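Below you'll find the structure, written out as structure tokens, and then a few comments.
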Amino acid sequence: MRQIEKDNFAIEGMVCASCAQTVEKAVAQLPDVSEVAVNLATKSMQVEHGSQVSVQKIMQAVKNAGYAATLSNTLDQAEFEAKQAQTKARLLHKKHQTIGALIFAGALLLVAMGPMMGLAFPHFLDVMHSPKSASLIQLALVLPVLWFGKDYLITGAKALFARHPNMDSLVLMGSGAALLYSLVNTYLAVVTRHHHDLYYEAAGMIIALVMLGKYFEDLSKQKTNFALTSLLTLVPKKALLVVDEGKTKEVPVAELKVGDTFLVQAGQSIPVDGIVLAGETTVDESMLTGESLPVAKSTGDLVSAGTVSQVGQLTCRATRVGSQTALSQIVALVAKAQGSKAPIARLADQIAGYFVPVIMVIATLGALAWLLTGHSLGFSLTIFVSVLVIACPCALGLATPTAIMVGTGKAAKAGILFKNGTALEQLSQVTTVVLDKTGTITQGKPTVTDVLAKPGLDPATILQLAASLEFYTKHPLAHAILQASTAETLPVSDFETLPGRGLTAKIDGLTYFLGNHKLLVEQKLPTETPLVKQARSLTQAGKTVMFLSTEKDLLGVIAVQDPLKQDSRRAIAQLHKLGVKTVMLTGDNEKTAQAIAKQVQISEVISDVLPADKAETVLELQAKRQKVAMVGDGINDAPALANADVGVAIGNGTDVAIDSADVVLMNSDLSSLAQALLLSHKTLVNIKENLFWAFFYNCLGIPVALGVLTFFGGPLLDPMIAALCMSFSSVSVVLNALRLNRVKLN
């Protein structure tokens, strides 16, 4: 069997969607690589590959394409903080370079355009009126701009020589053409001392404005990763290790091992996952589950890394540390989702692969066309430069990943984990939500609600007998009866389970039966007695009824009910408000299932379904052209979760690695499902908005740069304005994605 490995890489040197496409194609061509996803926004790559291709070969393929790749399968707090520090330093460096470029470009613009705007220079600057002096001064001012922007120009040149041109290549060609033209005219001005057209200010301003746009873009993208940042900073750096007889020693959290005992004081964050050995407190688990109410913790309860002890002191034993903690698994899932692609990005990816070469051809043909129709070389050069500069593959490349980063990040803060971008997109298209009953709509903890006894018998005796019979079973209903009975259980013999009906055993030599209505009929006991009639009314109320009898007589009835979760009614009403059909899929009998469905207003009920048949039911719904989301506990419902278009697992705040599900709801509240649906809808709309504006911008900007407006008496687009528009387009896409942070999840 072919073994599939999944590796994550950080990619350096990417500046636009064309770069991402180049890296993706280079790795995809390697043998035994099954899937590659390169994300421009996160500068990352996810690769699924077999054993025939090594990590080194993948990194070499990226290097051959002109970029650098480093393995980044783990993301712990120390590594993250180091990366954050590097990012801040890099941004500060970019800021200083951009300010320097803008100062010299601004001075260059003033020198070049001042006389045209009627600006009077002081007498000591009369040299400006000399063609030779003006040319040399402009040349001197543009050189610092080139120095500050050298990284972009060098990157563009490398990509051009590697025959994989990117956005920086367009900037290089545009500013380079203006610079080369100006250098030739500077030489002529020096030799002939006559005025010749110069475009130094265009070259300088193009580079400076592109730098400004990229700086704002990077600054904005930092905010898209806010959720991951906040999650990774939740775990404290130090922990109080209990070393001997209650004495503690402060140690780095990384040194804690499974089995170590540690102390958590009031107001402190819990360093690793553990179990409470002593103490009582309330814990804020909102970072894990999205639930704002604190949870009481005492001896025997589980606690999770990153949650906060509020009032009391706890002594705990470490059960999971490092990458095994619930928080670390959440971080891994969020990081994976943010680095993944959604199917909607395919069109943009295909276009990005051809975008830059096509723009280069359009710019060249446009300039030649104007030149051949009798226009000046300067006019044609303006066309050439403007087309190259205004075209922006960055906006296309950022349209989808930035929205996914913000959407999945906001979801994680609410306790909703999307495993990938595909799940996020497909959830927005769901038309039918299939809900398991036990543990999803109900609490999953049955309790005894009614005990009926035949005349002459005490209900407590009925409970004692039933508890004695159920003592050796592990059925959830047995637990409910044992919890309800306060009397000591009696010894039993000849115990036997009766599949699909109940059980039987002897107590003090007398044979007793405990089971459902089928067992009652099988024993040929009367079914029209007052007790049986009362049992029917309990069944109609949605309760599960068990009959206790001897071989000759019905002794009593016990009714058990799994209470509804507090938010089930409201959550299902929210799903209906979103236009989603709801179906309850359960193994319970039809009367009980219908009673529960009536309470929560579910659209359709499918009852008496065995766990193995749930997956088949999902397929039947899909055959009716319904997009199905299956919601269950991720264990018994695993086949159905896997078959559904989107599998949604109800979590309990500690186990997040449910392989069969695409979405994990960290808390047990069904209202999180409505929140997930709403957020997926909003995210997909945001992606479509981003793609529309990216396409619209280029479809509008390129014709304008080609001089279409001049046919209607309009102006020719200045290359500096083109550079400003190009920079703004990328920033606007990121800012639009950040609007998702304002979505209200009720």
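The values are calculated or read from the model by the stated rules, or taken from the named source; none is laboratory data. Small disclaimer: the values here were computed from a predicted structure and weren't measured. Here the Cβ positions follow ideal geometry from the backbone for every residue, glycine too, while neighbour counts run over all protein chains shown. Only protein heavy atoms, including side chains, enter the accessible area calculation; ligands, DNA and RNA are left aside. Shrake-Rupley method; radii C 1.70, N 1.55, O 1.52, S 1.80 Å.
Quick check on packing: order 570-578, 721-729 by the mean number of other C-beta atoms within 10 Å, highest mean leading. Let's see the in-between values first.
Working: 570-578: 17.6, 721-729: 23.2.
The densest-packed peptide leads the list: 721-729, 570-578.
Per-residue packing, averaged as other Cβ atoms within 10 Å, sorts the ranges 303-313, 706-716 into the order 303-313, 706-716, beginning with the highest.
Remark: for residue pairs K437/K624; K336/K627; K533/K591; K43/K88; K25/K158, the C-alpha separation exceeds 20 Å in K437/K624; K336/K627.
Looking at the range 138-205, the trypsin sites (Lys or Arg not before Pro) that sit in a DSSP loop and have at most 15 other Cβ atoms within 10 Å of their own Cβ are R163, R193. Report summary: the helix-based calculation at 222 nm, which adds -39500 (n - 2.57) for every DSSP H run with n ≥ 4 and divides by the residues of the chain, gives -16000 deg cm²/dmol. Ligands, DNA and RNA aside, K94 has an accessible area near 50 Å² when probed at 1.4 Å. For the chain, the Stokes-Einstein estimate of translational diffusion at 37 °C and a viscosity of 0.692 mPa s comes to 107 µm²/s, using the Kirkwood hydrodynamic radius over alpha-carbon pairs.
Fully extending the segment from L457 to Q310, taken as 0.36 nm per residue of separation minus the present Cα-Cα distance, adds 48.0 nm.
Provide the FRET efficiency to the nearest 0.05 for the Q222-E590 pair, computing r from the beta carbons and using R0 = 60 Å. Write out the running numbers ahead of the final one.
Values: r = 55 Å, r/R0 = 0.92.
With R0 = 60 Å, the Cβ-Cβ based efficiency is 0.60.
With a/c under 1.5 counting as rounded, go ahead and sort the range 155-212 into rounded, prolate or oblate using the C-alpha gyration tensor (a ≥ b ≥ c being the square roots of the eigenvalues; past the cut-off, prolate if a/b is larger than b/c, else oblate). It is oblate, given that a/c is not under 1.5 and a/b is not larger than b/c. Once both labels are positioned 7 Å from their Cα atoms along Cα-to-Cβ, the gap between N741 and K63 label points is 3.8 nm. Solvent exposure of the chain amounts to 46 Å² per residue of accessible area, where only protein heavy atoms count and the probe is 1.4 Å.
Normalised by 2.2 N^0.38 Å, with N the number of residues, the alpha-carbon radius of gyration of the range 249-366 equals 1.75. Fully extending the segment from L91 to D244 would add 50.3 nm, taking 0.36 nm per residue of separation and subtracting the current Cα-Cα distance.
Would you work out what percent of the accessible area of the chain, with all protein chains in place, is carbon or sulfur (probe 1.4 Å)? Show your work: numbers first, answer last.
Working: 20000 of 34020 Å².
Carbon-and-sulfur percentage of accessible area, whole number: 59.
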